[in-house]
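Engineer: Sharing a structure, written as structure tokens. Questions coming.
What follows is calculated from the coordinates using simple rules that are stated; it is not laboratory data. Predicted model only: the values in this text are computed from it and were never measured. Backbone-built Cβ (ideal geometry, glycine too); neighbour counts: all protein chains shown.
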Amino acid sequence: MPRALPPHPTMLAWLTALALATVSSSAASSVEAADPPAHEAPTSMVVAAEPFAAAAGELMLERGGNAIDAAVATGFTLAVTYPVAGNLGGGGFMVAQIRDSEGIQRRFALDFRETAPAAATADLYVRARAEGLLDASTFGALSAGVPGSVAGLLEALRRYGTLPREVVLGPAISLAQSGFPMTRRTAEFLRTPSIREQLERDPGSKALFYPDGEPIAEGANFRQPDLAKTLMGIAEFGPDAFYRGEIAALTVLAMKRGGGIITLADLENYRPVMRLPMIFPFAGHSIITMPPPSSGGVCLKQILTMLERHPLAELGHNSSAALHLMVEAMRRSFADRNAFLGDPDFVTLPLDRLLDAKYLAAQSASINPALATPSDALPGGSLPSVQAPLEKEETTHYSVVDAHGNAVSVTTTLNGAFGSKTLVVGAGYLLNNEMDDFAAEPGKANLYGLIQGDANAVAPGKRPLSSMTPTIITDGNGNVRAVLGTPGGPTIITNVLQVILNLLVFGLEPQAAVNAPKVHHQHLPDRVQVEKEIPADVREGLERRGHAVAERSWIGDFQLIYVDPITGVRKGATDPRGGGAALGH
Ligand code: DON
């Protein structure tokens, strides 16, 4: 039997000690510095975008919980300590490989993506624009889908967890109640003028994050008593505490105040969906990843299959010749993604055709090693080409491996930073702006510059197409080798792709695989986005092959665990681009 957790405030002291122990290691590195080794531990590992959240998961593992207990504790804690992206009012995906209580191995993909409210229609945002609401799909109550995170995390815990709900939510409750030192990253977001302007337009967000008219500063104690109450209700009564009763009423009140359309019935009707993960072979391993309504699994399989026919390793890691091939495969896959993918429960997706070996072989053969194919020449290329507004993107990923080799990979989001910026007053949680992931207005680019088709049109109850790609890699015997994922909108897919290639094709060490500079192409706009560390000669090599190259801000905030095939040591690699932590024992 797992031992009970220490009572608050002893738990707070533990969490703080654990979290602080990681800060020096995570803050010390940078993308430019020589790659340090990953954080190693013999038994178990949690890697998350924020140290307290990693500590909450690690605490569960130290107390005898399994990877699901740890992941759920980390997920709820992120809602407290990383309000930029951690959430109760958003959604996400969990991919897991675990042994259940009978010792049977389970692989599943839990879909707790938000759904469109029953009153949503395909022309919702076109009409809103006509009425003068120019940012209705990204800002305010109308941009929110019905939240899925509480139902999803509790469903995972109910099915496969071993610790009681009160224990698993304990760290989140303590941190919300007593407060914690505001993190550098969240403080930076709060100071960012465009984000501040929107948060200050919402009375609840303004009161919470700018209590004296100024953003809460790094290091200041950040308390969230309303959120603590909400979490205590969830710990005591389960999902009903969130989807029915007082908190649901407060959510609907926030809709009434902010012009949103989520009803009590929408909340009561929300259900997470257990799906079969996508599993496919690559480089002697199995890739276990997220099926639709994520586009991640489909695109990963397409791109990796196209690339298998090309001599990437010989061309060299991040050489212009290798990057060119990767970009061409990305371009082809995103053309399909944007035109054909959507919620599989609402539209028939041509997956047989998109994943057909002959089709992918032909796509691969159509790549000219010397020359870029203009996106306009590819199917889907008839959609209008526009400049992508490159929003500051936020979502978050966490990875867990426990002592038994169980693995859990979760990516969760409010979509944009702080989601819709709408705080549910009295309940203390932020609502997502996930409705913008639909093709909200025909022909118009969304927050991430994606232009998408009818398959991803808004419909009541439908899930918007996602790029989130929580992934697990196993070896030929089915043992977990890696658990990985990142935020970044559409760059999630191409970043996960590059880390897989870095590990399995280019043979990079785990931390180097994460730190290495990344590139991205998404069919439209027709340009290769590169991080600034991609050297000038490599960019020139891409330009010589006919690519438009655009430098952009950092890509992603990767959280990787790699399990050494010989020793079984867990190696946690958190991304120096973010402020995360790897913790294990
Ligand atoms: O589901 C999606 O694809 C997006 N809502 C993810 C947004 C995201 O990753 C933003 N973060 N960096």
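Engineer: Can you name the helices of the chain, as whole DSSP H runs, whose Cα span along the helix axis is 27 Å or more and whose Kyte-Doolittle mean is not below 0.0?
Structural biologist: Span-like helices here: 10-28, 320-340.
Engineer: When the Cα centres of the stretch 138-152 and the stretch 473-549 are compared, how far apart do they sit, in Å?
Structural biologist: Cα centres, the stretch 138-152 to the stretch 473-549: 30 Å.
Engineer: Dipole size in debye (nearest 20) for the stretch 212-259 around its Cα centre, Lys and Arg Cβ +1, Asp and Glu Cβ -1?
Structural biologist: Dipole of the stretch 212-259, to the nearest 20 debye: 260 debye.
Engineer: Another question about this same structure. What's the ranking of 197-210, 292-305 by average number of surrounding C-beta atoms within 10 Å, highest first? Write down the numbers at each step before the final one.
Structural biologist: On the way: 197-210: 18.4, 292-305: 25.9.
Those peptides, ordered most packed to least, come out 292-305, 197-210.
Engineer: For the stretch 211-366, just say rounded, prolate or oblate: build the C-alpha gyration tensor, square-root its eigenvalues into a ≥ b ≥ c, call rounded for a/c under 1.5, and beyond that prolate if a/b exceeds b/c, oblate if not.
Structural biologist: Cα axes put the stretch 211-366 in the prolate bin.
Engineer: Taking only C-alpha pairs under 8 Å that are 6+ residues apart, what is the relative contact order of the chain in percent?
Structural biologist: 24
Engineer: Give the lysines whose C-alpha is closer than 26 Å to that of Lys256, dropping any in the same chain fewer than 8 places away, or say none.
Structural biologist: Cross-link targets: Lys206, Lys229, Lys421, Lys462.
Engineer: In addition: I'd like to know which of Gln511, Leu583, Val483 lies farthest towards the positive end of the charge dipole of the stretch 482-585, counting +1 on Cβ of Lys and Arg and -1 on Cβ of Asp and Glu.
Structural biologist: Val483
Engineer: Sorted by average packing, counted as other Cβ atoms within 10 angstrom per residue and highest first, what order do 483-492, 310-319, 419-428 take?
Structural biologist: Listed from highest to lowest mean packing, they are 483-492, 419-428, 310-319.
Engineer: Per-residue counts of other Cβ atoms within 10 Å, averaged by peptide: what ranking do you get for 127-134, 337-344, highest first?
Structural biologist: 337-344, 127-134
Engineer: Using only Cα atoms, locate the centre of the stretch 215-237 and the centre of the stretch 279-323, then give the distance between them in Å, rounded to an integer.
Structural biologist: Here the two parts' Cα centres lie 41 Å apart.
Engineer: Among Leu355, Leu371, rank each residue by its count of other Cβ atoms within 10 Å, from fewest to most, as a rough exposure measure.
Structural biologist: Fewest-to-most ranking of Leu355, Leu371: Leu371, Leu355.
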